[in-house]
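Quick notes on the structure that follows.
No value in this document is a laboratory result; all are computed from the given coordinates. Note that this is a predicted model, so its numbers are computed, not measured. Positions of Cβ are generated from backbone atoms using ideal geometry, with glycine treated the same way; all protein chains shown enter the neighbour counts.
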Amino acid sequence: MFKLFKSYWFRLKRFPFFWVAIGLVALVAIASVSIVTTVSYYAYTYAQSIGEVYNASLSLTYLSYQFLIPSSLVPILVLLIIAIFFLRDVQHGVYRNQLLSGFSRTQVYLGTILFSYFIFLTIFAAFLIPFYVVGACMPRNLLPVSILDGKTSSLSYLVILITDLTLPVILDSIIMMTQNRGASIGIFFGIYFLVSMFGLITTFSSVYGYYQLAEFFTNYQISKASSIVPNFDTAIKIELVDGVYQSSSVTGRTIPLILKTVFTKVFYMAAFGVVGGVVYNRRSLR
Amino acid sequence: MENDYIITTDNLTKAYNKSLALDRVSIGIHKGEILGLVGKNGAGKTTLIRILSGIVKPTSGTFSLFGDKDPKHLPSLLKNASCMIEHPALYDELSGKDNLIATCLIKGMDKEVKSGYIQDRLNFVGLGALYNSTKKVKDYSLGMKQRLGIAMATIGDPKLMMLDEPTNGLDPQGIKEIRDLLVNLNKEKGVTILISSHILPELSKFATSYAFIDKGHILKSISEFELEKEVGKDLMIQTNDNAKAFSLLSSKGYSVTNDGVIYIKKVDDSAAVLNILNTNQLTINFFKEKDNTLEDYYMNLLGGNKNV
């Protein structure tokens, strides 16, 4: 497997979009942390100078947003890199080089997924490192301290990390199953669309507490991350009363976010990973 | 002899939906052989090579590589083989040199990357000048891609090469160079080669045995020597008495036609024919020998069907 990785890395190093993506996320991280910290600092200083208590711009909610919103660029770029990098291999039939070099199909399949994780972690690191380093250098070291000390945020980052790791597995498994560029992209976005629709339907038609699918979406993660009580959800409850559907808004405690997320994401990863592996092992290749 | 088979197939069958791409194919390739796989488009040549290289799974039947039939061992067995199917599987966005390096890395040949191995491989296929070039493979001509594909196929000194139409897109000089390369590999390193080609006159210059395939069936497997014996040559003769010559040769069992010129098919020994005519006091006014080719043999096998 190490040999496979060496070869992938050799090629990735020569893939210009990879370096463009790294530069872009680093730039976005530096820009966002610089702007937010500077604005927050001056707002805080101004509030103090006029004798007012002004905490809005320094709240965990506000600062978490400043991390989460730009960081959502990472999975988009990772998916683009994976799509271009591996779909090109499929299109040119170069996967057969790996099979003819003594790797089993299972090894090639797992290698693709693990290397996708490597791409994700590299791009994520390219965002995270400048974000914290530059943040630490800014006035009063506001942003890193706020985020690291936050009670909700560290959990939220884990949730996002798991979510972001799920998407490459889904895309990889579709690529390896279909062995076709158009079909892979179509099916991936088709599934994403269906999950979105299903998420919306289940959100609006269930009693509170069943938001598993909604967790795929950044808006939901942000709302959870920034919530003071993250295990509370609001949903529309629809009931059939005397032959008429009636809806009402209900609020209640949900299953802890981390548990729901880990279960849902691990389930998706395992389901797509296993199905993709089985199909890839059995199918004829280009 | 049984043990020196590099490839054997036993009733290998591949069905796509309801059509059979391969139908109970059983062939054997001996160590050190160059087997030419001959057939028209869609005959099943590529499917056979794809199955043997593990890219396509057979519907039924079995095959062995290096004497091992266990499908679980196929990945490790393929380490000793190389393959080029239809078109070389190249990384278009990389240079030729980088393609070879990537292949070396997959095969765990890191040391070779740093030595002169890559330059050597490029020289081997006549692309040595591209060693320092950054030109990407997507900008190569078809012939250059074919050569690079062959260079990639030789990495790691494989004991078996399976090549599907390796001379596609090459000019006559390129075809000759590739042929010389393959003959060298076969003679000097004992590499067994399974090669499919449409260019039958070219194939006949270096293949040591042939398998003729049509509609998924192996029509015939034959060695170079057996083929030479079977194809023989045709003779065209004009004598002072063609009618007499015709009846004489017919009575001796030759396949003869008389159309102003006596035409004798599949003659093993021309001297014997001339001797018959001389001893019967026939004067030969015109004599011409025509060697039968692999193409003629193949056409006869197909019953005169063209489109090879």
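Among the listed pairs B:97/B:205; B:138/B:215; B:45/B:176, a Cα-Cα separation exceeding 26 Å is found for B:97/B:205; B:138/B:215.
Scanning residues 5 or more positions from residue B:217 or on other chains, those with amide H under 5 Å from its amide H are B:23, with H placed 1.01 Å from N in the peptide plane. Taking other residues whose beta carbon is less than 14 angstrom from the beta carbon of residue B:285, and scoring Lys, Arg as +1 and Asp, Glu as -1, yields +1.
Residue-wise HN-Hα couplings along the stretch A:4-11, as the Karplus relation 6.51 cos²θ - 1.76 cosθ + 1.60 with θ = phi - 60° gives them from phi, are 4, 5, 4, 5, 4, 5, 4, 6 Hz; Gly and Pro carry x. Within the shell of other residues whose beta carbon sits under 11 angstrom from the beta carbon of residue B:23, the net charge comes to +2, with Lys and Arg scored +1 and Asp and Glu -1. Helices of chain B meeting both criteria, an alpha-carbon length of 15 angstrom or more along the long axis and an average Kyte-Doolittle score not below 0.5, with helices taken as full DSSP H segments, are B:96-106, B:142-153. Partner aspartates and glutamates whose Cα lies under 16 Å from the Cα of residue B:135, excluding those fewer than 8 positions away in the same chain, are identified as B:92, B:93, B:98. Averaged over the residues of A:6-13, the number of partner chain Cβ atoms lying within 10 Å of the residue Cβ comes to 5. Cβ-Cβ distance of residue B:187 and residue A:271, R₀ of 56 Å, FRET efficiency by 1/(1 + (r/R0)^6): the value works out to about 0.55. Could you tell me the center-to-center distance, by alpha carbons, between the stretch B:1-68 and the stretch B:111-160 in angstrom? Going from one Cα centre to the other spans 28 Å.
If a/c stays under 1.5 just call it rounded; otherwise compare a/b with b/c (prolate if a/b is bigger, oblate if not). Do that for the stretch B:233-291, with a ≥ b ≥ c from the square roots of the Cα gyration tensor eigenvalues. Note, shape of the stretch B:233-291 comes out rounded.
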